[in-house]
Amino acid sequence: MPRIGFLLQSVLHSASVQSKEINHLFATFTIAAVLLLLSVSVFIVYICIRFREKPGNPLPKQISKNNRIELLMFLFPTLTIGIFLFLTIRTIHHVQQPAKGQPDVIITGHQWWWEVYYPATGVRAANEIHLPVNKNLMLEFHSADVVHDWWVPEFGNKMDVVPGRNNYIWVNILKAGDYIGACSEFCGAEHAWMRIKVFAETDSAFQSWQEANKKIANMPGDELAMRGMLLFQSASCGSCHRISGTFSNAFIGPDLSHVFSRSTLLSGMMPMNEENLQSWISDPQAVKPDAKMPNFIFSKDSVAAIVHYLTQLK
Ligand code: CUA
């Protein structure tokens, strides 16, 4: 079973305005902390050597208080922590703006996949999230079941996805490209296969993706695909999945209206192709144990027909 390799994800590689700011704060803290550690260490070593007990030395002068040193010992840490606090609050203020107006994307965490909905256009997708670059985007998070956690390291902050609560993050992506993330809160058996893929695109590429996905799903193009569609409907696949323009209109599983235009299957588990669709539909539990998709015990021919139909949903 071909699987997608582990792609490099690093928080230190900033790809958004927000993560740049967080990393800038991180660098400032690290430099300040290293300088403090070094100066304290050097000072301690100096004192140990300079004032160590030597043979014949009398007892040193006993000092009970020194107002000037005590004031310094109070002011210096207070000032340092004050500066850190100010910088932190300023970064939080920039990164976590209040949620106002309509979100650009609503993302719902499910066991074990991500539902994606663009309220402005009504476009629906799953696991692969297309976003325009150089735009301050508001992402709204819902959960359909348990606590998940959205994290694309290169975008900076992560966000818990909590049932019964709307959470938000802002992201302004700096460069077009593909970004990989993952659910980062243990959410059950297939938590590890709850990957996120973001396609950051120029505005025109994003618009044309939206246009293509706004269209209702293709009707079957040949007899085999027609058989596949009828099987899909009679086997009640439509009680969990939606295919726009058909009777299938449920949101328990991923929207399949344009399923074959995606590059991956099962939340980043494997590339989208006929062979993988075939093994998934033939025995879902063997491919992704505990996933909510039951085994319908289709015949080989039926699976072939359904897969053929799905490959036309681009
Ligand atoms: Cu969803 Cu871990």
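Residues checked against (1) surrounded by fewer than 10 Cβ atoms within 10 Å (Cβ to Cβ); (2) touching a helix residue (DSSP H, G or I) at 6+ places or on another chain (Cβ under 8 Å):
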{"position": "Ser39", "(1), (2)": "no, no"}
{"position": "Val42", "(1), (2)": "no, no"}
{"position": "Pro58", "(1), (2)": "yes, no"}
{"position": "Leu87", "(1), (2)": "no, yes"}
For this session: Tell me, yes or no, whether the range 86-100 has at least one residue that is under 24 Å from His258 (Cβ atoms) and of a type in the set (Gly, Ala, Ser).
Result: no
For this session: Tell me, please, whether a residue that is touching a helix residue (DSSP H, G or I) at 6+ places or on another chain (Cβ under 9 Å) and under 30 Å from Tyr179 (Cβ atoms) can be found in the range 224-236.
Result: no
For this session: Look at the range 246-263 and say how many of its residues are under 14 Å from Leu310 (Cβ atoms) and either modelled with pLDDT of 90 or more or aliphatic (A, V, I, L, M) (or both).
Result: 10
Exercise. Name the residues in the range 220-245 that are part of a loop (DSSP other than H, G, I, E, B) and either open to solvent by 80 Å² or more (accessible area, probe 1.4 Å) or over 16 Å from Thr311 (Cα atoms) (or both), would you?
Worked result: Ala235, Ser236, Cys240, Gly245
Exercise. If you check Ala305, Ala217, which single one turns out to be open to solvent by less than 10 Å² (accessible area, probe 1.4 Å) and farther than 27 Å from Phe199 by Cβ?
Worked result: Ala305
Exercise. Taking the range 173-200, which residues are surrounded by fewer than 19 Cβ atoms within 10 Å (Cβ to Cβ) and farther than 28 Å from Lys288 by Cβ?
Worked result: Leu174, Lys175, Ala176
Exercise. Can you find a residue in the range 205-218 that is among the basic types (Lys, Arg), in a helix (DSSP H, G or I) and over 16 Å from the mean Cα position of the chain (by Cα)?
Worked result: yes
For this session: Give the residue that is nearest to the ligand (Cβ to nearest atom), with candidates limited to residues of the range 97-122 that are out of contact with any strand residue (DSSP E or B) (no Cβ under 7 Å at 6 or more places or on another chain) and open to solvent by 20 Å² or more (accessible area, probe 1.4 Å).
Result: Gln111
Problem set entry | Qualifying residues in the range 134-190 (those that are within 15 Å of the chain's Cα centre (by Cα) and polar (S, T, N, Q)) - the one nearest to the ligand (Cβ to nearest atom) | Ser184
Seminar exercise, completed: Residue pairs qualifying under the 6 Å Cβ cut-off, at least six apart or on distinct chains, with the first in the range 141-166 being open to solvent by 50 Å² or more (accessible area, probe 1.4 Å) and the second being more than 9 Å from the ligand (Cβ to nearest atom) and acidic (Asp, Glu), are Asn166/Glu140
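The values are calculated or read from the model by the stated rules, or taken from the named source; none is laboratory data. The shown structure was predicted, so the numbers you read here are calculated from the model rather than taken from an experiment. So basically every Cβ, Gly included, is an ideal-geometry build from the backbone, and we count neighbours across all protein chains shown. These area figures cover heavy atoms from the full protein model, side chains too; ligands, DNA and RNA do not enter into them. Shrake-Rupley method; radii C 1.70, N 1.55, O 1.52, S 1.80 Å.
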